[in-house]
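Everything below concerns the one structure shown next.
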Amino acid sequence: MKAFLLDDIDQLRDHLASQRSLFTPQYTEGSTELNWLPLTSKTKSVTTERPLLPTYPAKQFFFPDREILFQFDGSDFKETLPEPEPQILFGVRSCDLCAIAYQDRFFRQDPYYQARRRATLLVGIDCNMPCEGGFCPTVDAGPFVRDGLADLVCHQQQDASWLLMVHTPAGEALIQGLELKAAESHHITRRNKQEQQVAARFPSATHIETGIQRINQAQVPAETWQAMGLQCLTCSGCTNLCPTCSCFTSYDRPVADGFERERCWDSCLYDAFQREASGHNPSATAGQRVERFWFHKFSNEYTKTFDRYGCTGCGRCEKTCPGVIGVHSVMKRISATL
């Protein structure tokens, strides 16, 4: 890894934008929400402001909510692989970078996902303060960017200057032409110490830790899941905003002289998600579906495949759920269960 010092992060941002299309979190007009939008001449940097996370995670850049997989004209099949333009996601937080790495593994043999992923370079940014509802330190997903998850990583130092870390050859190529001063070892040491300080500022997450333990030890009564299932409105807000959720379905529809197959996001909280052709449904009740969702997020069974939980501690589900069964509400209820 190479490291440099940077006076102004916008200087880096504008330099990168001269090479590729660049998307960065921005406030939409008249809104207090951050969303991923293309850089324009009027874009203001919000890399150090609250809220720290965009409303929607970055998964939409690689796994869109709808896409055509192939077409059939009556005689031939035509695959419709995307041909994305090279792009940069600038200012990706550690929890979302962990989620992208999770999705990279899930979709490692999916040519549609991989075509977009190969076209995208990632610029991560450390979180120097806890975000509302976040608990990334509890699931080892932050607050600072983990090695190997981004091409470039930016860290704001205590004197307001920036430490720029280069993790990949592609990242090194991006900064060619910038006059940068090499960082010294004490800058890296100081960053490591600061991460411990920031992590210590997060609110207690003992309810998350206890909930994870009880889920894995099958200590949550079915009645508790059923009670929470009654609160689920099957709106799919949690699965849509979860950066690691990757469930999808596909269907064929007629077009011209043939048909096309479209893939779109699905949700394990929908009644028909696991329903079989015979009519049997392994998750027939809402409580069973809620249980299945959280088992997938925190079961040790999945760490064998992904080396981490399916939750990266962003807290988006808690903010969006109208039924009050986001991660904090659920885990507090589970941890209080005797």
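For the reader, a short list of remarks on this structure follows.
- Cross-chain or 6+ apart pairs with Cβ under 6 Å, region 120-131 first and within 14 Å of Trp36 (Cα to Cα), then acidic (Asp, Glu) and modelled with pLDDT of 95 or more: Leu122/Asp151
- Count of residues meeting criterion [assigned to a loop (DSSP other than H, G, I, E, B) and either among the charged types (D, E, K, R) or out of contact with any Leu (no Cβ under 8 Å at 6 or more places or on another chain) (or both)] in region 125-152: 15
- Candidates Leu97, Leu164, Leu149: the one that is farther than 25 Å from Ile208 by Cα, among the aliphatic types (A, V, I, L, M) and in contact with a strand residue (DSSP E or B) (Cβ under 8 Å, 6 or more places away or on another chain) is Leu164.
- Top-ranked residue in region 32-61 [being over 17 Å from the mean Cα position of the chain (by Cα) and modelled with pLDDT of 80 or more; ranked as nearest to Phe107 (Cα to Cα)]: Pro38
- Selected residue (only one of Thr239, Thr234 is under 23 Å from Pro57 (Cα atoms), under 20 Å from the mean Cα position of the chain (by Cα) and β-branched (Val, Ile, Thr)): Thr239
- Any hit, region 197-208, residues being buried (at least 17 other Cβ atoms within 10 Å of the Cβ) and among the aromatic types (Phe, Trp, Tyr): yes
- Flag if Gln219 is without any contact (Cβ under 8 Å) to a residue 40 or more places away in the chain and either outside the structural domain of Arg93 (by TED's automatic domain parsing) or closer than 13 Å to Pro143 by Cβ (or both): no
- No other residue among Glu223, Glu179 is exposed (fewer than 14 other Cβ atoms within 10 Å of the Cβ) and either modelled with pLDDT of 95 or more or within 30 Å of Gln71 (Cβ to Cβ) (or both) apart from Glu223.
- Any hit, region 259-268, residues being at pLDDT below 95, of a type in the set (S, T, N, Q) and part of a loop (DSSP other than H, G, I, E, B): no
- Pairing residues of region 233-250 that are closer than 12 Å to Val290 by Cα and in contact (Cβ under 8 Å) with a residue 60 or more places away in the chain with residues that are aromatic (Phe, Trp, Tyr) and surrounded by 14 or more Cβ atoms within 10 Å (Cβ to Cβ), at Cβ distances under 9 Å and at least 6 apart in sequence or on separate chains, gives Cys238/Phe293.
- Just one of the numbered conditions (1) of a type in the set (Lys, Arg); (2) in contact with a strand residue (DSSP E or B) (Cβ under 7 Å, 6 or more places away or on another chain); (3) within 29 Å of Leu164 (Cβ to Cβ) is not true of Arg118: (2).
- If you check Gly177, Gly171 for being farther than 20 Å from Cys311 by Cβ, of a type in the set (Gly, Ala, Ser) and within 25 Å of the chain's Cα centre (by Cα), only one passes: Gly171.
- Positions within region 155-185 being more than 21 Å from Arg118 (Cα to Cα), of a type in the set (A, V, I, L, M, F, W, C) and not in a loop (DSSP other than H, G, I, E, B), in sequence order: Trp162, Leu163, Leu164, Ala182
- Only listed residue being among the small types (Gly, Ala, Ser), surrounded by 16 or more Cβ atoms within 10 Å (Cβ to Cβ) and assigned to a loop (DSSP other than H, G, I, E, B), chosen from Gly323, Gly279: Gly323
- Near pairs, Cβ below 8 angstrom, 6+ apart or cross-chain, from region 294-305 (surrounded by fewer than 17 Cβ atoms within 10 Å (Cβ to Cβ)) to any residue that is basic (Lys, Arg) and at pLDDT 95 or above: Thr305/Arg105
- Pairs with Cβ under 7 Å, 6+ apart, first in region 23-39 and within 17 Å of Arg93 (Cα to Cα) and hydrophobic (A, V, I, L, M, F, W, C), second loosely packed, with under 14 Cβ neighbours inside 10 Å and at pLDDT 85 or above: Phe23/Pro38
- Meets criteria (surrounded by 13 or more Cβ atoms within 10 Å (Cβ to Cβ), within 22 Å of Asp65 (Cβ to Cβ) and either within 20 Å of the chain's Cα centre (by Cα) or modelled with pLDDT of 95 or more (or both)) for Thr312: yes
The values are calculated or read from the model by the stated rules, or taken from the named source; none is laboratory data. Everything quoted here is computed from the prediction, not taken from an experiment. Counting neighbours? That spans all protein chains shown, and the Cβs are built from the backbone with ideal geometry, glycine included.
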